[in-house]
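Below is one structure; the comments refer to it alone.
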Amino acid sequence: MLAAGAAVFAYAGVAAATDLEVTHWWTSGGEAAAVGELAKAFDATGNHWVDGAIAGSGGTARPIMISRITGGDPMGATQFNHGRQAEELIQAGLMRDLTDLATRDKWAEIVRPKSLLDSCTVDGKIYCVPVNIHSWQWLWLSNEAFAKAGVPVPKNWDEYVAAAPALKKAGIVPLAVGGQPWQASGAFDVLLAAIGGTDAFLKVYKDKDKDFAAGPEIAKVFKAADDARKMAKNTNVQDWNQATNMVITGKAGGQIMGDWAQGEFQVAGKVAGKDYTCLPGLGINAVIATGGDAFYFPLQKDPEKAKAQEVLAETLLAPKTQVAFNLKKGSLPVRGDVDLDTANDCMKKGLDILAKGAVMPWTDQLLSQDSQKQKEDLFSEFFAKQNLSVKDAQKRFAKIIATAD
């Protein structure tokens, strides 16, 4: 099964050793452990991964990355979420076309689902290497917190909301939501996909149906978001991994967060099913959004760096790399032919959903960065200001959808 990976490294080994700076925003404990696997695999080719980690998550890192590329100081490779984040850089002719490499190595046959490679494709040309499937649709619950509160671990969102008073009484924050805008916005999107359903999610974000966004179906989602902000009121942390740590330590009952949170539980030595519980789709609508991370390669004048870019692209998709990286990242591999027998209970739930074909696109693939920013600003305010009414927030949301691109 791993023969293909061996072939990649054999091919890669003929290249001259080159330093290649790789920028990314993976700086939490679990993320750092995962990115270390990518660096180790690339270094094994005789080249050298120069780590360009930028703290502060994507919202902080992306403008810095983009500024460097547009300012004439491009890194060798950079992480973005596959979707529309690099669209303008590609249109400006600043990113490397990987179509020849993708064709030679038959990426279309090994990357699944097909939508991952589609998200890397602009005007029929491939510009990125998808490395994982990261899904936002997870509720992470602290078994310890619910035991302390004297209530059973919830099986779905409604049971969770019903358990909130008992958690509060026990001195536990029911729901941890960090202060960065993308966290509040992401939590709303998860509620929309779970409570509204997949069709409602696509009507809003794919069809940009402003009337539907202003209607009664989405009003139910805003009611759930109102419950969520009340439950999250006393979180008082900024970073997502700090919020995850509240769940790990039993200071919070749960967190709506993508499967990257799993890497934090792993680093903390927590066991899925024993110490914590995961509910895909909030226990209501078990779907996996085919979002995730990809690497793009800014154009390089140095031919040696250009060669090293190809080696890195190959290495990222090698079966061995895919297994080592995704087991530590908490994400799912983009290859269907790798051995994940060592996956934990939560990852196996994700793999099962993926095998059933219960997949959907996510907002990174459906909305421009401008529309995403407007949405983040709204939900950041909604979670921070309890006096922003549900009715007014929904009106503002419908206006964003009306002008979304």
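Descriptive notes on the structure:
- Choice from PRO333, PRO130, PRO216 with maximal GNM fluctuation in the chain (Cα, 10 Å cutoff): PRO216
- Taking all protein chains into account, the per residue accessible area for the chain stands at 40 Å² (1.4 Å probe).
- Within-11-Å neighbourhood charge of LYS148 [Cβ basis; K, R +1; D, E -1]: +1
- Working note: Karplus 6.51/-1.76/1.60 with θ = phi - 60° gives segment 285-301 the couplings 10, 6, 10, 10, 7, 8, x, x, 10, 9, 10, 10, 10, x, 4, 10, 7 Hz, where Gly and Pro are set to x.
- Dipole in debye (nearest 20) - segment 131-205, about Cα centre, beta carbon charges: Lys, Arg +1; Asp, Glu -1: 220
- Given their separation in residues at 0.36 nm each and the Cα-Cα distance between them, ALA147 and LYS169 gain 6.6 nm when the chain is fully extended.
- Cross-link partners of LYS373 among lysines (Cα-Cα below 22 Å; sequence separation of 8 or more within a chain): LYS203, LYS206, LYS208, LYS210, LYS385, LYS391, LYS395, LYS399
- If you take all other residues with their beta carbon under 15 Å from the beta carbon of LYS210, and give Lys and Arg +1 and Asp and Glu -1, the sum is +2.
- Helix 216-231 axis, angle to the chain major axis (alpha carbon atoms, nearest 10°): 90
- Note on the chain: with charges restricted to the Cβ of Lys and Arg (+1) and Asp and Glu (-1), its dipole about the Cα centre is near 1200 debye.
- Calculated FRET efficiency for the pair ARG104/ASN387, C-beta based, R₀ 41 Å, to 0.05: 0.10
- A simple rule links phi to the HN-Hα coupling: the Karplus curve 6.51 cos²θ - 1.76 cosθ + 1.60 with θ = phi - 60°, which for segment 29-46 gives x, x, 5, 4, 5, 5, 5, x, 5, 5, 4, 4, 5, 5, 4, 5, 7, x Hz, with x for Gly and Pro.
- Acute angle (nearest 10 degrees) that the helix 157-169 long axis makes with the longest principal axis of the chain, alpha-carbon atoms: 70
- GLU87 versus THR27: modelled label distance in nm, points set 7 Å from Cα along the beta carbon direction: 2.8
- Backbone amide hydrogens, once placed in the peptide plane, bring MET95 within less than 5 Å of LEU299, excluding anything fewer than 5 places away on its chain.
- Rg and Dmax of the chain, Cα atoms only, in Å: 20.9, 64
- With every protein chain in place, the chain: carbon and sulfur % of accessible area (1.4 Å): 52
- Helix 345-355 axis, angle to the chain major axis (alpha carbon atoms, nearest 10°): 70
- Between the residues PRO216, GLN242, ALA261, the greatest Cα displacement towards the positive end of the dipole of segment 195-263, with unit charges on the Cβ of Lys, Arg, Asp and Glu, is found for GLN242.
- Karplus 3J(HN,Hα) series, Hz, for segment 105-114 with 6.51 cos²θ - 1.76 cosθ + 1.60 (x for Gly, Pro): 8, 6, 4, 4, 8, 9, 8, 9, x, 4
- Less than 5 angstrom separates the built amide H of ALA289 from those of TRP136, GLN137, MET360, all sequence-distant by 5 or more or on a different chain.
- Long-range amide H partners of VAL111 with built H, under 5 Å: none
- Within a Gaussian network of the chain (alpha carbon springs, distance under 10 Å), most fluctuating of LEU20, LEU101, LEU175: LEU101
- Antiparallel bridges, percent of DSSP beta bridges restricted to the chain (to nearest 5): 60
- Highest-fluctuation residue, THR27, THR198, THR342 considered, GNM on the chain with Cα pairs under 10 Å: THR342
- Were the residues from ASP370 through HIS48 laid out at 0.36 nm apart, the gain over their Cα-Cα distance would be 112.4 nm.
- In straight-distance terms, cross-link reach from LYS301 covers every one of the lysines whose alpha-carbon lies under 29 Å from its own, apart from those fewer than eight places away in the same chain; here that gives LYS40, LYS106, LYS125.
- Protection proxy ranking for 73-79, 365-371, 250-256, using the average of other Cβ atoms within 10 Å per residue and placing the highest first: 250-256, 73-79, 365-371.
The values are calculated or read from the model by the stated rules, or taken from the named source; none is laboratory data. Here the structure is a predicted model, which is why all the values come from computation and not from measurement. Ideal geometry is used to build each Cβ from the backbone, glycine not excepted, and the neighbour counts take in all protein chains shown. The area values use the complete protein model at the heavy-atom level, side chains included, leaving out ligands, DNA and RNA. Shrake-Rupley method; radii C 1.70, N 1.55, O 1.52, S 1.80 Å.
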